[in-house]
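For reference, the structure is listed below as structure tokens.
The values are calculated or read from the model by the stated rules, or taken from the named source; none is laboratory data. Remember, predicted model here, so these are calculated numbers, not experimental data. Note that each Cβ is placed from the backbone with ideal geometry, even for glycine, and that neighbours are counted across all protein chains shown.
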């Protein structure tokens, strides 16, 4: 098939799109450049050569700045962005809708409500992450339960998610209005989404989640090839479409809940990354690996811009991703409207 290569590993064979490999390689290079820039720019400024020497272990006067102060945050941005890209790809492929993402179907709002309750009730800081994870998973379970009543139809899944998201958002606002002012401000910062004050611990939790789910994600990359088939066609070739969609959606919301629990509600990365990657690859569905790399690149750049655009004031990464995602969401809506007219 033009533009494709066949990779054989023992009895297994996998088709690889050459354009996907090329796009992934370019995104990987851009991510490396963005990472070096993020490690270099700041006060003090560190030359790119000194950054590379510090990373190689050669020893420089800037080792403390590069390795201890900046590197953990850059790694967290890359890992969290990749996780958002993976989650968005799985959810959009199941929903068959480019507007579907964890922050649209209620996962982020569930995590946000649970985190807000923890932050405004005097709970210890260590409780916030687990509470947010539990809240996101409960919200996802509710959406899946509502959406799966008739075979997890794409339209019903998205509508159920939007309804749950609005309800949870309203509950979050009620909790914040009834809380003490200082607790409400802490919750608001968490809800915006920021990487400030975070690093290796949060990156390790997200990375461990992706590592544990790696066999499932490898299966998901293959299973997404049939996600666009209608149920009758899928059953005709021996597949179980409903079970497959539930498994894909469940994996997506699990990843989304974990990453949101660690870095807060960083909106729109999971929405934008899969669709940009899909357009770069020129594929019918978002490519999993390219979407992960695009998500990593977007969040590293957003965090860098948040640190440097208005220095010494730092903007949360969630503010910058919203600035990107808001116009992009309007573009998708207008584009869909023109197609339907």
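How many of the residues in segment 197-212 are surrounded by fewer than 14 Cβ atoms within 10 Å (Cβ to Cβ) and at pLDDT below 90?
Within segment 197-212, residues that are surrounded by fewer than 14 Cβ atoms within 10 Å (Cβ to Cβ) and at pLDDT below 90 number 1.
Is it the case that some residue within segment 174-181 is modelled with pLDDT under 85 and over 14 Å from residue 267 (Cβ atoms)?
Checked segment 174-181: at least one residue is modelled with pLDDT under 85 and over 14 Å from residue 267 (Cβ atoms).
Quick one: in segment 213-230, which of the residues that are more than 16 Å from residue 292 (Cα to Cα) and surrounded by 12 or more Cβ atoms within 10 Å (Cβ to Cβ) is modelled with the lowest pLDDT?
229
Could you check segment 258-341 for helices (runs of 4 or more DSSP H) lying wholly inside it with 2 or more residues that are surrounded by 18 or more Cβ atoms within 10 Å (Cβ to Cβ) and at pLDDT below 85?
317-340
Would you mind finding the one in 81, 42 that is within 29 Å of residue 273 (Cβ to Cβ), crowded, with 20+ Cβ neighbours inside 10 Å, within 28 Å of the chain's Cα centre (by Cα) and in contact (Cβ under 8 Å) with a residue 60 or more places away in the chain?
81
Given the criterion surrounded by fewer than 18 Cβ atoms within 10 Å (Cβ to Cβ), over 18 Å from the mean Cα position of the chain (by Cα) and more than 30 Å from residue 67 (Cβ to Cβ), identify the matching residue among 125, 163.
Being surrounded by fewer than 18 Cβ atoms within 10 Å (Cβ to Cβ), over 18 Å from the mean Cα position of the chain (by Cα) and more than 30 Å from residue 67 (Cβ to Cβ) holds for just one of 125, 163, which is 163.
Quick check: anything in segment 232-244 assigned to a helix (DSSP H, G or I), touching a helix residue (DSSP H, G or I) at 6+ places or on another chain (Cβ under 8 Å), at pLDDT below 70 and surrounded by fewer than 17 Cβ atoms within 10 Å (Cβ to Cβ)?
Yes, the conditions are met somewhere in segment 232-244.
May I ask you to say which residue of 276, 255 is more than 21 Å from residue 201 (Cα to Cα) and under 18 Å from the mean Cα position of the chain (by Cα)?
276
Are any residues in segment 98-121 farther than 19 Å from residue 177 by Cβ and either assigned to a loop (DSSP other than H, G, I, E, B) or without any contact (Cβ under 8 Å) to a residue 60 or more places away in the chain (or both), and if so, which ones?
98, 99, 100, 101, 102, 103, 104, 105, 106
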